[in-house]
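To keep things clear, I will list the structure first and then write my remarks on it.
The values are calculated or read from the model by the stated rules, or taken from the named source; none is laboratory data. Because the structure is predicted, anything quoted here is derived from the model rather than measured. Note: ideal-geometry Cβ built from the backbone for every residue, glycine included; neighbour counts use all protein chains shown. Protein only, heavy atoms only, side chains kept; ligands, DNA and RNA dropped before computing areas. Shrake-Rupley method; radii C 1.70, N 1.55, O 1.52, S 1.80 Å.
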Amino acid sequence: MALEFRSVTKQFATGGGRNVLTAVQDISFKVAQSEFVAVVGPSGCGKSTILSMTAGLYQPTSGEVLVSENLVTRPNPRVGFMLQKDLLLPWRTIVKNVEFGLEARGVPRKERRERALFELERCHLTGFENHFPYQLSGGMRQRAALARTLAIDPDIILLDEPFSALDAQTKLLIQNSFAETIQEAGITTLLITHDLSEAVIMSDRVLVLSERPGTIIHEMAVDLPDRAHPLARRQLPEVHRYAAEIFDLLKLNERAA
Ligand code: ADP
Ligand code: MG
């Protein structure tokens, strides 16, 4: 099992320690090696908190988080994290941005460069190595950020709404390009998104969370072919059925709350 949450609850102290806010409550799920799981749920239900606990940035208040059968107790260098903002360093070229994480790990210069060029090719950015981030489109910058994440050879990639700032057409192309690359690399992935169709076309499974405190109200297996090609998947009529079903679950939960 690549990732497992066992009855995880996370609380934060608020109001200078006078109040307790429960972000997620009694969450349990498993993600297999190379599986792609999407997480959807209302704003503030603890989606980003789940990713932070997976990365080891936060510890659960109770319960356990395991990555590759090991209890997560500190930040894990083999977990890659990508956000809506690409966080590329503006004063570094694209290839130097991709090398950044490898520098921090003391990888020798030649090996660093080779790795970075390999990842840039994999992310279809050959020819842009020596450009600066401001010279690239939003979609290309997200691909460069993916190349940087892949360069550290992660076991798991965490994607926190990485496509939400892109225009509709770019978004479809970048979803496809990410899906292909991630499938080929065989990396276990958790994707947070507000876009229910995106969740369906990109994943093997969708976790549907309730309003805060976030609990898992449903786990939906996406029984569709060709996960590496969301552009093709989106043509399938079942996509709309799955998305509508998730929408209804979220709506029902909202009324109950
Ligand atoms: P989501 O990503 O689903 O929108 P988050 O995981 O970011 O939700 O946040 C869940 C809840 O926990 C929110 O109410 C948020 O304000 C709170 N929260 C998140 N991080 C912290 C923190 N470091 N300190 C206090 N409260 C936090
Ligand atoms: Mg969030």
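Computed values, structure above
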quantity: Filter result (within 23 Å of the chain's Cα centre (by Cα) and either within 16 Å of Pro77 (Cβ to Cβ) or at pLDDT below 95 (or both)) within the stretch 99-117; calculated: Glu99, Phe100, Gly101, Leu102, Ala104, Arg105, Arg115
quantity: The stretch 120-137: number of residues that are surrounded by fewer than 16 Cβ atoms within 10 Å (Cβ to Cβ) and modelled with pLDDT under 90; calculated: 1
quantity: Residue within the stretch 64-71 that is within 20 Å of Ala145 (Cα to Cα), more than 18 Å from the chain's Cα centre (by Cα) and away from ligand 2 (no atom under 16 Å from the Cβ) present; calculated: no
quantity: Pick from the stretch 7-60, criterion of a type in the set (D, E, K, R) and more than 10 Å from ligand 1 (Cβ to nearest atom), ranking: nearest to the chain's Cα centre (by Cα); calculated: Glu35
quantity: Matching option when the condition is small (Gly, Ala, Ser) and crowded, with 18+ Cβ neighbours inside 10 Å, among Gly46, Gly106, Gly16; calculated: Gly46
quantity: Every pair of residues 6+ apart whose Cβ atoms lie under 6 Å, when the first sits in the stretch 1-22 and is within 30 Å of Asp155 (Cα to Cα) and of a type in the set (Ser, Thr, Tyr) while the second is open to solvent by 60 Å² or more (accessible area, probe 1.4 Å) and not in a strand (DSSP E or B); calculated: Thr9/Thr61
quantity: Strands (runs of 3 or more DSSP E) within the stretch 162-234 that include 3 or more residues touching a residue at least 24 places away in the same chain (Cβ under 8 Å), open to solvent by 50 Å² or more (accessible area, probe 1.4 Å) and not small (Gly, Ala, Ser); calculated: 216-221
